[in-house]
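Student: Questions regarding the structure given below will be posed in turn.
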Amino acid sequence: MIDPKKLLYVSDLDGTLLDGDGQLSGDSVKSINRLIDKGLNFTIATARNYDSAYPLLKDLNLKYPVILFNGVYLTELHTGENLFLSNFISLDIISKMISLAEAQKVAPFIYTYGRKHLVYYKEVNNLGAKSYVDIISSDQIAHKVNEFIFSDSDQITGFLLIDVSEVLEPIYTELITLYKDALNIYFAPDVSNPHYFWLQSFHLGANKGKMLKKMTEHLDISLSNTVVFGDYLNDLDMFKVAGYSIAVENALPEVKCMADQLIPSNIDQGVLVYLESLFE
């Protein structure tokens, strides 16, 4: 068995490391920091942006950069410095995706990167989208606009639709047909509100797996010496490249099928229990 001190452990946040309320308790922070002091090499790969992730992680003594926004950025947590950025979605593609969504009366969310990571939206037309706006409004990154006006200088990182499955399925099919060679497209239930689905798109070069590879190259660590934890479709790219993959019990079936090991759910602190077992 490989010495755990020689491995790098990378965990997703929502649905994996965080509890059912999307929080990391003070006791969990203390436990992780204690494990880090014992030699645990640990970091995060999340769909959250810096403004959303930092308040949750600021008290962790992380020595390694964090993967943010599904692999769009590799960032030093405590300075906010971006070490690597992935590619952005072209203005032509984003314009066509907006038109496709609005033709089906679905209100899109558009993510951009600049001095701050921002989310633009025009309206909210269902409870799933409203819940999301409530979350991002608390992070002060949400901007309601009358019209989407983007220029060639805008760095567009992502596209999100929230609605019921039967509304989003034809849009998903169309996006796959048009842009399977240009975008990473994820279509799955909203983990916090299963009645609704999320349809998310990022540049093909942006995913957690590719940024994990970039991070290990930057740190001169072998990918075979990485262990990753996840629960959702966007974690599968990490599962494909990491040395060992672990799914929590509450993970989507597709994620469990690809995992090398299953552990208790996020509510039962499966990741922390697993890590503590390594350093008993």
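Student: Would you confirm, using the coordinates I've provided, whether residue 83 is crowded, with 17+ Cβ neighbours inside 10 Å, in a strand (DSSP E or B) and in contact with a Pro (Cβ under 7 Å, 6 or more places away or on another chain)? Break it down stepwise before answering.
Tutor: On the way: crowded, with 17+ Cβ neighbours inside 10 Å: no; in a strand (DSSP E or B): yes; in contact with a Pro (Cβ under 7 Å, 6 or more places away or on another chain): yes.
No, not satisfied.
Student: If I filter the range 161-172 for residues that are surrounded by fewer than 16 Cβ atoms within 10 Å (Cβ to Cβ) and within 26 Å of residue 65 (Cβ to Cβ), do I get at least one hit?
Tutor: Of all residues in the range 161-172, those surrounded by fewer than 16 Cβ atoms within 10 Å (Cβ to Cβ) come to 164-166, 169-170.
Now narrow it down to the ones that are within 26 Å of residue 65 (Cβ to Cβ): none.
No, the range 161-172 has no match at all.
Student: Filter the range 175-205 down to residues that are more than 18 Å from the chain's Cα centre (by Cα) and small (Gly, Ala, Ser), then give me how many there are.
Tutor: Summing the residues that are more than 18 Å from the chain's Cα centre (by Cα) and small (Gly, Ala, Ser) in the range 175-205 gives 1.
Student: Quick one: in the range 206-232, which of the residues that are among the aliphatic types (A, V, I, L, M) and surrounded by 19 or more Cβ atoms within 10 Å (Cβ to Cβ) is farthest from residue 7 (Cα to Cα)?
Tutor: Step one: filter the range 206-232 for residues among the aliphatic types (A, V, I, L, M), giving 206, 211-212, 215, 219, 221, 223, 227-228.
Among the residues that remain, those that are also surrounded by 19 or more Cβ atoms within 10 Å (Cβ to Cβ) are: 206, 211-212, 215, 227-228.
Details: 206: 24, 211: 17, 212: 14, 215: 14, 227: 7, 228: 10 Å.
Across the range 206-232, the extreme among qualifying residues is 206.
Student: From the residues in the range 1-36 that are of a type in the set (D, E, K, R) and part of a helix (DSSP H, G or I), which one is nearest to residue 255 (Cα to Cα)?
Tutor: Of the range 1-36, the ones of a type in the set (D, E, K, R) are 3, 5-6, 12, 14, 19, 21, 27, 30, 34.
The next check asks that each one be part of a helix (DSSP H, G or I); those that pass are 5-6, 14, 27, 30, 34.
Working: 5: 26, 6: 26, 14: 14, 27: 28, 30: 29, 34: 29 Å.
In this case the residue turns out to be 14.
Student: Can you name the helices (runs of 4 or more DSSP H) wholly within the range 134-242 that have at least 1 residues being of a type in the set (A, V, I, L, M, F, W, C), in contact with a strand residue (DSSP E or B) (Cβ under 8 Å, 6 or more places away or on another chain) and without any contact (Cβ under 8 Å) to a residue 60 or more places away in the chain? So that I can check it myself, show each step before the final result.
Tutor: On the way: elements: 165-179, 208-219, 236-241.
Of the helices (runs of 4 or more DSSP H) lying wholly inside the range 134-242, those with at least 1 residues that are of a type in the set (A, V, I, L, M, F, W, C), in contact with a strand residue (DSSP E or B) (Cβ under 8 Å, 6 or more places away or on another chain) and without any contact (Cβ under 8 Å) to a residue 60 or more places away in the chain span 165-179, 236-241.
Student: Hey, can you tell me all the residues within the range 63-80 that are of a type in the set (S, T, N, Q) and either in contact with a strand residue (DSSP E or B) (Cβ under 7 Å, 6 or more places away or on another chain) or surrounded by 14 or more Cβ atoms within 10 Å (Cβ to Cβ) (or both)?
Tutor: The answer is 70, 75.
Student: Return the only residue of 95, 131 being under 21 Å from the mean Cα position of the chain (by Cα), over 28 Å from residue 41 (Cβ atoms), in a helix (DSSP H, G or I) and of a type in the set (S, T, N, Q).
Tutor: Values: 95 fails: under 21 Å from the mean Cα position of the chain (by Cα).
The unique qualifying residue is 131.
Student: While we're here: Can you pull out the residues in the range 50-62 that are crowded, with 17+ Cβ neighbours inside 10 Å and of a type outside the set (A, V, I, L, M)?
Tutor: Step one: of the range 50-62, the residues crowded, with 17+ Cβ neighbours inside 10 Å are 50, 52-54, 56-57, 60, 62.
Listed by number, the residues that qualify are 50, 52, 54.
Student: List the number of the failed condition for residue 47; all other conditions in (1) crowded, with 20+ Cβ neighbours inside 10 Å; (2) of a type in the set (A, V, I, L, M); (3) in a loop (DSSP other than H, G, I, E, B); (4) in contact with a Leu (Cβ under 6 Å, 6 or more places away or on another chain) hold.
Tutor: (4)
Student: Now, a different point. What's the number of the only condition in (1) free of Cβ contacts under 8 Å to residues at least 60 places away in the same chain; (2) farther than 30 Å from residue 96 by Cα; (3) out of contact with any Lys or Arg (no Cβ under 7 Å at 6 or more places or on another chain); (4) surrounded by fewer than 20 Cβ atoms within 10 Å (Cβ to Cβ) that residue 250 fails to meet?
Tutor: (1)
Student: Just one of 273, 227, 248, 255 is over 25 Å from residue 21 (Cβ atoms) and either basic (Lys, Arg) or in the same structural domain as residue 66 (by TED's automatic domain parsing) (or both); which is it?
Tutor: On the way: 273 fails: over 25 Å from residue 21 (Cβ atoms); 248 fails: over 25 Å from residue 21 (Cβ atoms); 255 fails: over 25 Å from residue 21 (Cβ atoms).
Result of the check over 273, 227, 248, 255: 227.
Student: Is it true that residue 142 is touching a helix residue (DSSP H, G or I) at 6+ places or on another chain (Cβ under 8 Å), in the same structural domain as residue 156 (by TED's automatic domain parsing) and either more than 26 Å from residue 209 (Cβ to Cβ) or surrounded by fewer than 13 Cβ atoms within 10 Å (Cβ to Cβ) (or both)?
Tutor: Yes, satisfied.
Student: A follow-up question, please. Answer yes or no as to whether residue 268 is of a type outside the set (Val, Ile, Thr), in the same structural domain as residue 23 (by TED's automatic domain parsing) and assigned to a helix (DSSP H, G or I). I'd like the intermediate steps shown before the answer.
Tutor: Details: of a type outside the set (Val, Ile, Thr): yes; in the same structural domain as residue 23 (by TED's automatic domain parsing): yes; assigned to a helix (DSSP H, G or I): no.
Answer is no for this residue.
The values are calculated or read from the model by the stated rules, or taken from the named source; none is laboratory data. On a predicted model such as this, the values are computed, not experimentally measured, just so you know. Every residue, glycine as well, gets a Cβ built from its backbone with ideal geometry; the counts of neighbours run over all protein chains shown.
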